[in-house]
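I have placed the structure first, in the form of structure tokens, so that the comments after it can refer back to it.
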Amino acid sequence: MTTRRQFITATTAAGLALPSWVGAQSFPSRPIRYICPWPAGGSTDAVIRALAESASKSLGQTIIVDNKPGAGGLLGANELVNAKPDGYTLSQLPHGVFRIPHMQKTAFDVLKDFSWIACLTGYTFGLVVPADSAIKSIADLVAWAKANPGKFTYGSTGTGTSPHLAVEEFAQRAGIVLNHIPFKGNADNMQAILGGHTMAASDATGWGPHVEAGKLRLLATYGSKRTKRWPNVPTLDELGYKTVSDSPFGVCGPKGMDPAIVRSLHDAFRKTLDDPAVQATFDKYDQTVIYMGTEAYTQFARDSFAAEKATIERLGLANKG
């Protein structure tokens, strides 16, 4: 026999559980915000917009891309820390979230504050110089930098980002010192090199059209193998500098998300990888599919955080505080 107290207790418990269940069943019931922590017009922005448009078709709701450039790509991570875990605020978390906490204090704990929903792709990074530069190869760059310590300027998408750290790792292994100029994103970085304000640019393939137009020269890429589009351009790794970087990324949310909502988002974004429009955008920016489900992506985050700690310490960039 159920007492009145037991009935009230059971009813109250069911009532408390109901909002989560209802939220998961009705998700999404309004537009979703997907933060791109890079400027509009860059390669990451284009890829994220293609993913958002494709995923919105599966979810039946608009996914609005919100550009939040600056701070080396960390502004999306900073917003997720304070966002409700209801699935309506998502972000790209670039590889810098594993690295920069070892260099300075951050507003987030990368291992505790995020839901790693799905990894979808990664970058092709490369080092470019103006087409009329006297630097025609990585060997030329190394020779020039050794003769002019600290005077060779190169731009990147921000301090602590993959395009920055890959070049610093190469420079350390080459025994040279370069002058790093950080920018907010690809568009600013390209404007600087095309305008003659920097001698080189390290970036994802937003430089691709300028290389094809004959305005920039691609010296090397940073992947584990050569690219399909520029098969004659060597990798830093094959040149002997033991530098490989592709920075996988996808879609993430705040900690504490309902597993059913995570699954719904994961499935929608996983489906984007079969969308010809998304594949075409990947091809345009020389990005490959790098898929990881929620569990694998979460483990990748833990592994990457530990690996980046070792890299930062080896480069002498660790926070001393």
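The values are calculated or read from the model by the stated rules, or taken from the named source; none is laboratory data. The shown structure was predicted, so the numbers you read here are calculated from the model rather than taken from an experiment. Cβ sites come from the backbone with ideal geometry, for glycine too, and all protein chains shown count toward neighbours.
Before moving on, here are some points about what is shown:
- Within the stretch 220-242, the set of residues being buried (at least 22 other Cβ atoms within 10 Å of the Cβ) and either aromatic (Phe, Trp, Tyr) or in the same structural domain as Tyr297 (by TED's automatic domain parsing) (or both) comprises just one member, Tyr222.
- Of residues in the stretch 53-79 being over 18 Å from the mean Cα position of the chain (by Cα) and assigned to a helix (DSSP H, G or I), the one surrounded by the fewest Cβ atoms within 10 Å (Cβ to Cβ): Lys57
- The sole residue among Thr161, Thr153 that is modelled with pLDDT of 95 or more and of a type in the set (Val, Ile, Thr) is Thr153.
- Out of Phe125, Phe170, sole residue that is of a type in the set (Phe, Trp, Tyr), within 25 Å of Val289 (Cα to Cα) and touching a residue at least 24 places away in the same chain (Cβ under 8 Å): Phe125
- For the stretch 146-163, filtering for residues that are more than 16 Å from Pro130 (Cβ to Cβ) and crowded, with 24+ Cβ neighbours inside 10 Å leaves 7.
- Sole exception among (1) surrounded by 24 or more Cβ atoms within 10 Å (Cβ to Cβ); (2) on the phi < 0 side of the Ramachandran plot for Pro101, by number: (1)
- Pairing residues of the stretch 219-236 that are among the small types (Gly, Ala, Ser) with residues that are in a loop (DSSP other than H, G, I, E, B) and modelled with pLDDT of 95 or more, at Cβ distances under 7 Å and at least 6 apart in sequence or on separate chains, gives Ala220/Val233; Ala220/Pro234; Ala220/Leu236.
- Among the residues of the stretch 21-52, those that are among the β-branched types (Val, Ile, Thr), within 23 Å of the chain's Cα centre (by Cα) and part of a helix (DSSP H, G or I) comprise Thr44, Val47, Ile48.
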